[in-house]
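Participant: Before we start, here is the structure in question, set down as structure tokens.
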């Protein structure tokens, strides 16, 4: 005698078990994926910073060892390139000179994804870097013979050496800093709250002004007025 086969679907209990398993797997996977993405973005930030530092060093090799502090194409009598006397007013001014002089050929180097609502879109690649397309700080007033541990380029700050709520690595307590000597490091922040300061592993405040003393509390080999944001 033949029996009729019946198609049975999931019971409610079986369905609930499957949903629970999926939820557990998602709760494990999502943080891992987020962490991996954050590390990849940090690596990209380090790469961008390194390319900017190399461009600054190339500029210095062509201009008597001086890192960008004026626009070679500007009429100095008119105060071109920034404030009176040709000095830059912002890091965007300095980076535009690197592009105009051919040391960097893409605006995307100066942008990264952050939570800043004014900087959500990548640059337009029109050859003119704008404030809302720039996410990096620049230190003016250094040369290629300045103290090699003095900061030269860093991801954007609220003030000299302090990082705000839009800093992408605030929760990770990281900040990317490129130095006058050419090296780039992901440095630590002293807290995960806005106002955090960038510090070296040996406890030195990176953007505090350096003194001639051996136990200087800072590394900055120029005045803090030279630390320019976009």
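Quick note: the coordinates plus some simple rules give every number you see, no bench work behind them. Please read these numbers as outputs of a predicted model, since none were measured by experiment. Glycine gets a Cβ as well: all are built from the backbone with ideal geometry, and neighbour counts include every protein chain shown.
Participant: Return 54, 220, 12, 25 ranked ascending by Cβ neighbour count within 10 Å, so the fewest neighbours appear first. Present the calculation step by step, with values, prior to reporting the outcome.
Facilitator: Details: 54 15, 220 25, 12 7, 25 10.
Starting with the residue having the fewest Cβ neighbours, the order is 12, 25, 54, 220.
Participant: If you rank 180, 27, 216 by fewest surrounding Cβ atoms within 10 Å, what's the result?
Facilitator: On the way: 180 26, 27 9, 216 16.
Listed from fewest to most nearby Cβ atoms, that is 27, 216, 180.
Participant: Something else about it: Could you line up 193, 107 from fewest to most neighbouring Cβ atoms inside 10 Å?
Facilitator: Values: 193 13, 107 21.
By the 10 Å Cβ count, ascending, the order reads 193, 107.
Participant: Between helix 12-62 and the chain, what is the angle of the helix's C-alpha long axis to the longest principal axis, kept within 0 to 90° and rounded to the nearest 10?
Facilitator: 20 degrees
Participant: A follow-up question, please. Could you work out [θ]222 nm for the chain from helices alone, using -39500 (n - 2.57) per DSSP H run of at least four and dividing by all its residues? Round to the nearest 500 deg cm²/dmol. Walk me through the numbers before you get to the answer.
Facilitator: Working: 2 runs with 61 residues, N = 230.
That comes out to -9500 deg cm²/dmol.
Participant: Can you tell me what the convex hull of the Cα atoms of region 12-228 projects to on average, as an area in nm²?
Facilitator: 14.9 nm²
Participant: Another question about this same structure. By how many degrees, 0 to 90 and rounded to 10, does the Cα axis of helix 91-100 deviate from the longest principal axis of the chain?
Facilitator: Compared with the principal axis, the helix lies near 80 degrees.
Participant: Still on this structure, please answer the following. Could you give the nm distance between label points at residue 143 and residue 115, where each point is 7 Å from its Cα heading toward the beta carbon?
Facilitator: Taking the two extended label points, one gets 4.3 nm.
Participant: While we're here: With r defined as the distance between the Cβ atoms of residue 23 and residue 128 and R0 fixed at 45 Å, what FRET efficiency is calculated, to the nearest 0.05? Mind dumping the intermediate values first?
Facilitator: Working: r = 49 Å, r/R0 = 1.08.
Computed FRET efficiency for residue 23 and residue 128: 0.40.
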